[in-house]
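Note sheet for the following structure.
Nothing in this text is a laboratory measurement; each read-out follows from the coordinates by a stated rule. Source: prediction; values computed, not measured. Cβ coordinates were reconstructed from backbone atoms using ideal geometry, including for glycine residues, and neighbour counts include every protein chain displayed.
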Amino acid sequence: MLIDWFTVGAQALNFLLLVWLMKRFLYKPILQSIDEREKRIAGRLADADAKKVEAVKERDAFEHKNQALDQQRAALLNQATDDAKVERQRLLGQAQKDADALSARRQETLMHEAETLNQALVRRTRQEVFAITRKVLSDLATTSLEERLGEVFTRRLRDMDGPQKERLAEALRTASGPAILRSAFDLPAQQRATIQNALNETFSAEVRVQYETAPELVSGIELTANGQKIAWSISDYLESLEKGVAGLLIKQAVPAPADAAETAPKRLANR
Amino acid sequence: MRLSPDEMIFWQNGFMKLNATIVFTWALMLVLAVGAKLITRNLSTNLERSRWQNLLEIVVTGITKQIEEVGLRHPRKYLGFLGTLFLFIAAATLCTVIPGFDPPTGSLSTTVALALCVFVAVPLFGIGEQGMRGYLKSYVEPTFVMLPFNIISEISRALALAVRLFGNMMSGAMIIGILLAITPFIFPVVMTVLGLLTGMVQAYIFSILAAVYIAAATRTGESRPEPAHQT
């Protein structure tokens, strides 16, 4: 008989015991460790997913912030550009004003210089004319300029008439002191006598005269008595010359400042 | 010539006896239990783990997957029974390479005991899954006439399980024994390798058939499928 029933029973028991042993020592711990590992991996995956979501959220926030910063920067840049434009306009206006002021001052200075030059020219012309006249008169008429001036003055005294003559006569009469006769040079005795005679004849009285020298009269003679005055000098002739020269100088000076005023702002705008 | 290790008796006291089948079974149980205990003593739950733990995990998950493929929805519930069946038969087969070792599965007593265990476990699992009434009802399906045939089928398949395993294991050992007598040297080694292969296949067949029977018993409202694996 191949089947031994005691052995069958013992083997069945043995098998059931082995089932219990295997469950206890093999399946349970192995399955537990697998479950724990799977749980841990699932946890890590979930953690990774959560981190990914968080990272995406942070990336979005960062991009949003970046866009906001870009917009802010663009706005600031635009504002700065506008401010710079306004400031440029203001500076240009200021520069134009300054350039105008400078140009005006320069023109003024030029005018002043022209005037000064004019005066110097006038002075020089007078002196030259005086010298030329004296030379010409002395060369041509063999008479000194002073003599001619005395003669002219005498003639004017004699030719004087009307209210002017009356006013002067009145002044000479009412004067407390002698009349003052000023000349640019010392009058010779002969001329003094001639003038004295002419005065006496013209006003039909003994006119007392005090002689003085005043170089600024420029070859002229002037009689002053109690506020009234009769004078003749080369200045009268020189005045027309002075006007002519002055006119010429002004004509030359005026265009130059106008050019300067136009070019100055252009130079500033190009910077 | 011994047909079964039952015949090698170490100790006997009346009905009780200690034969080679029981002793070799104890030895196998000791090796399996101590080995499992030693390996699972320091289990790692991290991604890094020892080779032995890896091996056991592969074996356990492989068995679980096979049970699931058969059609059992909760494989872990049946893992203890079916997994141990496979491991015991496979270990017994593997140990045939040890000289002097007679596989306990080469004894008809052992295979009958295993078949009886399956014979008892199938209705137990069936009742546990669909209740006493539901399980008994499956015997009278599709008609009441089928009841005796179903009962015969139940008994005969248990018998077939026992005889099939016994025949294969015993014949393997027998062939090697005969060949050793005729052509000792290379040929018995080749046959041993072949015996290892057939032994592993038998372990697989035995546990898979048990799983199929349990699946058929626990499947509610479905026809009981015929066993697919027959040798």
Here, A:Ile3 and A:Ala101, labelled 7 Å along Cα→Cβ, have an inter-label distance in nm of 13.3 nm
Here the membrane-span-like helices of chain B, with no claim about any membrane, defined by DSSP H, Cα axial extent at least 27 Å and mean Kyte-Doolittle at least -1.0, are B:20-39, B:51-70, B:108-137, B:147-182, B:186-218
Reduced to Cα centres, the span from the range B:42-84 to the range A:148-214 in Å works out to 157 Å
If one builds a Gaussian network model of chain B from Cα atoms under 10 Å apart, the most fluctuating residue listed among B:Thr84, B:Thr40, B:Thr105 is B:Thr40
Note, A:Leu187: beta-carbon cut-off 13 Å, +1 each Lys/Arg, -1 each Asp/Glu, net -3
The simple spin-label model distance between A:Thr109 and A:Leu92, using points 7 Å out along Cα→Cβ, in nm, is 2.8 nm
Per 10 angstrom bin, beginning at 0 and ending with the bin that holds the maximum distance, the Cα pairs of the range A:144-233 fall in percents of 18, 57, 24, 1
Expressed as a whole number, the average count of other chain Cβ atoms within 10 Å around the Cβ atoms of B:106-116 is 6
Counting only backbone N atoms under 19 Å from a point 7 Å out along Cα-to-Cβ of B:Leu38, the residues of the range A:23-61 in range are A:23-27, A:29-30
Using the Kirkwood radius over Cα pairs of the protein assembly as shown, the Stokes-Einstein translational diffusion coefficient at 25 °C and 0.890 mPa s, in µm²/s and rounded to a whole number, is 67 µm²/s
One finds, for A:Asn197 and A:Thr133 with R0 = 25 angstrom and r their Cβ-Cβ distance, a FRET efficiency to the nearest 0.05 of 0.50
For B:Lys137, the aspartates and glutamates lying under 15 Å Cα to Cα, once residues fewer than eight places off in the same chain are dropped, come out as B:Glu129, B:Glu154, B:Glu222
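Would you mind giving the mean number of other chain beta-carbons within 10 Å of the Cβ of each residue in B:3-10, as a whole number? Numbers along the way, then the final one.
Numbers: counts 1, 4, 1, 8, 2, 0, 1, 0.
Mean partner-chain Cβ count within 10 Å for B:3-10: 2.
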Expected unfolding gain across B:Ser171-B:Thr198 under the 0.36 nm per residue rule, minus the alpha-carbon gap, is 8.7 nm
Plugging the Cβ-Cβ distance of B:Ile151 and A:Ala61 into 1/(1 + (r/R0)^6) at R0 = 56 Å yields, to the nearest 0.05, a FRET efficiency of 0.15
Mean Cβ-within-10 Å packing, highest first, puts peptides A:149-156, B:210-217 in the order B:210-217, A:149-156
Within the range B:33-51, the residues whose backbone N lies under 19 Å from a label point placed 7 Å from the Cα of A:Arg24 along the Cα-to-Cβ direction are B:33-43
Mean 1/r over distinct Cα pairs of chain B, inverted to a Kirkwood Rh in Å, yields 19.5 Å
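Mind checking the mean number of beta-carbon atoms from other chains within 10 Å of the Cβ atoms in B:79-87? Display every interim value, and only then the final one.
On the way: counts 7, 9, 5, 1, 5, 10, 3, 0, 4.
Partner-chain Cβ atoms within 10 Å, mean over residues of B:79-87: 5.
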The correct pair for the range B:107-147, radius of gyration to one decimal and Dmax as a whole number, both in Å and from Cα atoms, is 13.2, 39
Quick calc: nm separation of the 7 Å Cα→Cβ label points for B:Val97 and B:His74 -> 3.9 nm
If one builds a Gaussian network model of chain B from Cα atoms under 10 Å apart, the most fluctuating residue listed among B:Asn54, B:Asn19, B:Asn46 is B:Asn46
